[in-house]
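Only the coordinates and a few stated rules stand behind these numbers; no lab work does. A quick note: this is a predicted structure, and the numbers were derived from the prediction, not measured. Cβ placement follows ideal geometry from the backbone for every residue including glycine, while neighbour counts extend to all protein chains displayed.
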Amino acid sequence: MGSSFEADSVARLREAVSGNVYLRGDAGLAAEVACFNPAVVHDPDIVVAVTSDDDVVEALRFARENGLAVHIQATGHGSESPITGGLIISTRALGSLTIDPATRLAKIGAGLRWAPVITAAAEHGLAPVTGSSTSVGAVGYSLGGGLGPLARSHGFTADWVRGFRVVTADGEIVTADDDTNPELFWALRGGKGGLGVVTEMTLELVPLRTLYAGSIFFDAPDAEAAFRAWIDWSAQLPETATTSAVFLHLPDMEGPPPPLRGRFVFSVRFAYPGEAAEGARLLDPLRAAAPVYLDFVGEIPATAVATIHNDPEVGAPSWLRGHMLDSFDQRDGSALYELVKPGTDSPFLAVEIRQLGGATKVDTADGTAVGGRDSLYSLSTLAADPATFAEAAPARAAAIADALAGKISAITNVNWSAGLTDEAAFEHAWPPAVFDRLAVARADWDPERRFAFGPV
Ligand SMILES: Cc1cc2nc3c(=O)[nH]c(=O)nc-3n(C[C@H](O)[C@H](O)[C@H](O)COP(=O)(O)OP(=O)(O)OC[C@H]3O[C@@H](n4cnc5c(N)ncnc54)[C@H](O)[C@@H]3O)c2cc1C
């Protein structure tokens, strides 16, 4: 079905904006709003591929005049379900980037992925605090908090945000920082959506040229011993180091390195932003705990941060569930291993536990809306075979959640939440007081609920 707008109003929009406007059925629309997960295909009434703040203002004017819900998309990494109508503001072309080495502040356009920010920052011996994948959008990631390979040493990425430029629902271009619109600034650091269209983010970079980091792999026969060792070893790891553990069952196909194809392996990721010798000293007890199959940990440049987790750069159909955990001990390890080990028909390509704590527990002096600060671990389950998405993956994820019931945090983090259109999942993405304060901020900045975010 095509989109039914007055021809005049679409012509006025096209005239007013520099970016492309696509109506349903137009060539180019699908590519503009393609998602990382190709199983999710959006079908909006109209897409405005904005190139400036003024384009965003005009797109919002069109949405108001036509009573359209507004969705915002950069890379499409966050899309879990198809958008079936309304207007999508695609921010991909907002690619500006400036770095002031004296203040260590980067001004990052809303369309940028982490990768170009990392490359530009490295020229000054600096680095952004990023997530595991550098193809994720810097702004979308940071709006949700942002937990990455330096989580324990450097905290949530939102903690390093120093300001935003935002186009509000009524088309005003405003600054949100400590001094100007501080409540909006608070809400955007972790509250994610329903507040406005961020066009630029100011992020403090950290001095970091190299780190001792990477991943080591244990083959199936040694996976359980290595996992048990990881649980005890990580519990006493200094908070200056960050680690995660993942059970991988990689398909036998192009993509993963040949020694990992078609295998069940257990991998430990490690990142220590300090001297290599000290990093090695911290990691060596784990290396000694079980025979190591592959060892890719060493001193790496800060530009190689994506090689710690080796997330896929190209998306594939996937089914994902995430939780935060209050704690994780040997008993939980046994329960989890029973549900993911070889021979159990586990539908998951990856079952990952990230250790949190350290800087993730400490909010900024002025406070942020980030959810999940009290948790000490995150847990994600990822299935990649579409035949498992309807039953096997949800059933096994539910079994894992049951087995860890006492440990699953009441509050998760919005970047780890699936199904945000579900009332319960949405409410659990923030502590109750933060949730209520965010509701007030959203009502203040978007009284008509123009921005589609949360339960409908
Ligand atoms: C492979 C992969 C790895 C990931 N790794 C991590 C990780 O290590 N840590 C972590 O915390 N998260 C991680 N995530 C989750 C990721 O941070 C979120 O999905 C995030 O929302 C992606 O942002 P995006 O802009 O790339 O995606 P998009 O799908 O383009 O945007 C997602 C949402 O962000 C909001 N948004 C984006 N841009 C704007 C804007 N300019 N103004 C207002 N709202 C905006 C909108 O609500 C939008 O729906 C990962 C996701 C994937 C797929």
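For the chain, what size does the Cα cloud have along each of its three principal axes, sorted from largest down, in whole Å?
Answer, in whole Å and largest first: 70, 52, 42 Å.
On a 0 to 90 degree scale, rounded to 10, what angle separates helix 220-235 from the longest Cα axis of the chain?
80 degrees
Find how many whole Å separate the alpha carbon centroid of the range 328-356 from the alpha carbon centroid of the range 1-48.
Comparing the Cα centres of the range 1-48 and the range 328-356, I get a distance of 42 Å.
Across 5 Å bins from the origin, how do the percents of Cα pairs in the range 250-324 run, short distances first?
Whole-percent P(r) values from 0 Å outward: 3, 11, 19, 22, 19, 16, 9, 2, 0.
Using Cβ counts within 10 Å as a stand-in for footprinting exposure, how do Phe62, Phe5 rank, fewest first?
Working: Phe62 22, Phe5 17.
Going from sparsest to densest Cβ surroundings: Phe5, Phe62.
With each pseudo-label sitting 7 Å past Cα toward Cβ, what's the Ala27-Glu254 distance in nm, one decimal?
Reported label-point gap for Ala27 and Glu254 is 2.7 nm.
Going 7 Å from the Cα of Asp329 toward and past its Cβ, which residues in the range 399-434 have a backbone nitrogen under 15 Å from where you end up?
404-408
Can you compute the charge dipole magnitude of the range 99-174 about its Cα centre, using +1 on each Lys and Arg Cβ and -1 on each Asp and Glu Cβ, nothing else charged? Give it in debye, rounded to the nearest 20.
Charge dipole of the range 99-174: 180 debye, to the nearest 20.
Pairs of alpha-carbon atoms within less than 8 angstrom and 6+ residues apart define the contacts here; what relative contact order does the chain have, in percent? Display every interim value, and only then the final one.
Working: 1023 pairs, mean separation 72.5, N = 456.
It comes to 16 percent, rounded to a whole number.
Express the relative contact order of the range 97-207 as a whole percentage, based on alpha carbon pairs under 8 Å and six or more residues apart in sequence. Write out the running numbers ahead of the final one.
On the way: 216 pairs, mean separation 36.1, N = 111.
Contact order relative to length: 33 percent.
I'd like the orientation of helix 53-65 relative to the chain: the angle between its Cα long axis and the longest Cα principal axis, in ° from 0 to 90, rounded to 10.
Between helix and principal axis, roughly 70 degrees.
Give the residue list of GluC sites (Glu not before Pro) in the range 1-50 that are DSSP loop and have at most 15 other beta-carbon atoms within 10 angstrom.
Values: sites: Glu6, Glu15, Glu32; in loops: Glu6.
When the GluC sites (Glu not before Pro) of the range 1-50 are filtered for loop state and at most 15 Cβ neighbours within 10 Å, Glu6 remain.
Rounding to the nearest 10 and keeping the result within 0 to 90°, find how far the Cα-based axis of helix 392-403 lies from the longest principal axis of the chain.
Relative to the chain, helix 392-403 is tipped by roughly 60 degrees.
Could you list Ile88, Ile408 so that the one with the fewest beta carbons within 10 Å of its beta carbon is first and the one with the most is last? All intermediate terms of the calculation are to be shown ahead of the outcome.
Working: Ile88 25, Ile408 18.
Going from least to most buried by this count: Ile408, Ile88.
May I ask for the distance between the Cα centers of the range 286-315 and the range 425-454, given as a whole number of Å?
38 Å
Nearest 500 deg cm²/dmol is fine: what mean residue ellipticity at 222 nm does the chain get from its DSSP H runs of n ≥ 4 alone, each adding -39,500 (n - 2.57), divided by its residue count? Don't skip to the end; give the middle numbers.
Numbers: 14 runs with 127 residues, N = 456.
Estimated from H runs of four or more residues: -8000 deg cm²/dmol.
Straight-line reach from Lys107: which lysines fall under 23 Å, measuring Cα to Cα and dropping same-chain residues less than 8 apart?
Lys107 reaches Lys192.
Working out 0.36 nm times the residue gap between Ala304 and Thr84, then minus their Cα-Cα distance, what length gain in nm do you get to one decimal? Please list the in-between numbers first.
Values: separation 220, 0.36 × 220 = 79.20 nm, distance 3.76 nm.
Result: 75.4 nm gained on full extension.
From the phi of every residue in the range 423-431, what ³J(HN,Hα) in whole Hz does the Karplus formula 6.51 cos²θ - 1.76 cosθ + 1.60 yield, where θ is phi - 60° and glycine or proline is x?
Calculated HN-Hα couplings, in order: 3, 5, 4, 5, 5, 7, 7, 8, x Hz.
Long-range amide H contacts for Tyr377: which residues qualify at under 5 Å (H placed 1.01 Å from N, peptide plane, sequence gap of 5 or more or a different chain)?
Leu325, Leu356
Hey, what do the phi angles of the range 136-146 turn into as Karplus ³J(HN,Hα) couplings, whole Hz, using 6.51/-1.76/1.60 and θ = phi - 60°, x for Gly and Pro?
Karplus-based 3J(HN,Hα) across the range 136-146 equals 6, x, 4, 6, x, 4, 5, 4, x, x, x Hz.
Per residue of the range 247-255, what does 6.51 cos²θ - 1.76 cosθ + 1.60 with θ = phi - 60° give for ³J(HN,Hα)? Whole Hz please, x for Gly and Pro, Karplus curve as stated.
Result, rounded to whole Hz: 8, 10, 10, 7, x, 8, 7, 3, x.
Which order do His249, His428 fall in if you start with the one that has the fewest other Cβ atoms within 10 Å?
Numbers: His249 18, His428 22.
Lowest to highest Cβ neighbour count: His249, His428.
Using every pair of alpha-carbon atoms in the range 97-207, split the distances into 5 Å bins beginning at 0 and state the percent of pairs per bin, rounded to integers.
For the range 97-207, the binned pair fractions read 2, 13, 25, 26, 19, 10, 3, 1, 0 percent.
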